[in-house]
Amino acid sequence: SFGISIFLFALIGALGFLTFGSASSGLILNNYAATDGLMSLSRFAVTISIIFSFPLVFVGARDGWLDLLKVPMEKRTDSVLTKTTVAILSGITLIATQLKELAFIMSFAGATLGNALIYVYPALMFRAAVKKMGDKASKGLKREVPFAMFSALLGVGMGAIGTKMAFGLL
């Protein structure tokens, strides 16, 4: 599955570059004409996806902040959750009012977080799971660990290239 995923991402990336070249926008849908009906539908679908997935992502981020601050589960009352939500949303809103170039943020986030979520974290979790299984249970899986780690290294490399591109260094 990692190999198929890597192949598909590389193929799609190559086809996108061959289609638009180095003038490609950070948000690929912006490369298409505004009058293209199918692309307008795609833009609408992306908008709906972002709007309706934000609460799910936000709850995870809020809980992550509370974990970082070492707030125990029993102290996470409705009042604490509400105050934390208001504080984080206020901070995000303040930052958003100051941002002038969203494409940079999206490019940087895609290069770092996207590659980490697709290639690096799953490979590290797989390696940890195989290690935790012990020798007997993981005998067949151990030979897949090097490929998973190659996938993680590839993700780090692609993230570095994407980060350089986001900063305009490539």
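The values are calculated or read from the model by the stated rules, or taken from the named source; none is laboratory data. Please read all numbers here as calculations on a predicted model, not as lab measurements. Cβ placement follows ideal geometry from the backbone for every residue including glycine, while neighbour counts extend to all protein chains displayed. Accessible surface areas use protein heavy atoms only, side chains included; no ligands, DNA or RNA. Shrake-Rupley method; radii C 1.70, N 1.55, O 1.52, S 1.80 Å.
The table below lists the values:
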| item | result |
| --- | --- |
| Debye equation applied to the C-alpha atoms of segment 40-144, log10 I(q)/I(0) at 0.14, 0.17 Å⁻¹ | -0.87, -1.05 |
| Hits among lysines - C-alpha to C-alpha of Lys83 under 29 Å, sequence gap 8 or more where chains match | Lys70, Lys75, Lys100 |
| Relative contact order computed over the chain (Cα-Cα under 8 Å; 6+ residues apart), in percent | 24 percent |
| Of all accessible heavy-atom area on the chain, the percent that carbon and sulfur account for (1.4 Å) | 73 percent |
| In Hz, Karplus ³J(HN,Hα) per residue of segment 105-118 (6.51, -1.76, 1.60; θ = phi - 60°; x = Gly, Pro) | 4, 5, 5, 5, 5, x, 5, 8, 5, x, 5, 5, 5, 8 |
| Relative packing of peptides 3-13, 154-164 - highest average C-beta neighbours within 10 Å first | 154-164, 3-13 |
| Exposure ranking of Lys75, Lys132 by accessible area [1.4 Å probe, largest first] | Lys132, Lys75 |
| J(HN,Hα) series, segment 2-15, from Karplus relation 6.51 cos²θ - 1.76 cosθ + 1.60, nearest Hz, glycine and proline x | 5, x, 5, 4, 4, 4, 5, 5, 5, 5, 5, x, 5, 5 |
| Accessible solvent surface per residue of the chain, calculated while the other protein chains remain in place, 1.4 angstrom probe, Å² | 73 Å² |
| Accessible-area ranking of Met165, Met73, largest first, probe 1.4 Å | Met73, Met165 |
| With eigenvalues of the C-alpha gyration tensor scaled by 5 and rooted, segment 1-102, Å | 37, 19, 13 |
| Lysines whose Cα lies under 16 Å from that of Lys132, excluding same-chain neighbours fewer than 8 positions away | Lys142 |
| Globularity index of segment 85-163, i.e. its alpha-carbon radius of gyration over 2.2 N^0.38 Å | 1.56 |
| Centre separation in Å (Cα based) which lies between segment 1-28 and segment 140-170 | 15 Å |
| Calculated [θ] (222 nm, deg cm²/dmol) that DSSP helices of n ≥ 4 give over the chain, each run adding -39,500 (n - 2.57) | -23000 deg cm²/dmol |
| Table column - 3J(HN,Hα) (Hz), segment 33-45, Karplus curve with 6.51, -1.76, 1.60, x for Gly and Pro | 4, 5, 8, 6, x, 5, 6, 5, 5, 5, 4, 4, 4 |
| Rounded accessible area of Asp135 (nearest 10 Å², 1.4 Å probe) | 110 Å² |
